[in-house]
Amino acid sequence: MKKLLYFIIAVMFLSAMPEFTCAQSNDPFEQETLKARGTTTKREKKIKRKKEDETVVTPATKTEKPVVANEKTVTENEMSISNSCDEWLDLEFISLIGSRANQTVKLTLKMTNHSTNKEIRVGGNFLAYDCDGEEHARSYYTETYKTLTDIPVKFFLDVPGKVNPSTTKVMPVISFNVGDCRIEMRNVPINWK
């Protein structure tokens, strides 16, 4: 029954996922660009958009000129983070490090709780897919963290199972829980060592 449920979830993820390529060139500039993407939180994006949408008053003429917002569209290969609790929880991607020898992958993120001080459990209902279509899942929580209001806390998640370093340069989907919040990451670049 569990396998059938996981299969249905996988089909839903794959049908909703934009096309992407798992292959990545060996160009160091492109690899550095991939590492730098996805570190802006939704809260920072909202603040930036709000500032861009405000009008500018020039002191010489006292007339208002609207500022045109530079809307950035997410490309197919760009990393993205979806957070169901973005009003009180910010997440920042740090790294996704892979061990070629062990074929294991470790995710590092930073969370900032903007609500009251509380303990937050991380990692429940973890689900990821690699470029070979292999499912990496577990249902237990890995760790509980004591968070203080507006203080960033770094946490780590191990991707269960083996990931093939020769075919997987990007994890197409990584999804897990932070407390009662569902987090979904797309097109996460792996730094293989």
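Find the accessible area per residue for the stretch 90-193; the probe is 1.4 Å, ligands and nucleic acids are left out, and the unit is Å².
Per residue, the stretch 90-193 has 44 Å² of solvent-accessible surface.
Taking 0.36 nm per residue of sequence separation and subtracting the Cα-Cα distance, how much length would be gained by fully extending the chain between LYS2 and GLU87, in nm to one decimal?
Working: separation 85, 0.36 × 85 = 30.60 nm, distance 3.22 nm.
That pair, LYS2 and GLU87, stretches by 27.4 nm at full extension.
Give the ranking of LYS106, LYS169 by solvent-accessible surface, highest area first, calculated with a 1.4 Å probe.
LYS106, LYS169
The values are calculated or read from the model by the stated rules, or taken from the named source; none is laboratory data. Only a predicted model underlies this, so the values are computations on that prediction, with no experimental measurement involved. Ligands, DNA and RNA are excluded from the accessible area calculation, which covers all protein heavy atoms including side chains. Shrake-Rupley method; radii C 1.70, N 1.55, O 1.52, S 1.80 Å.
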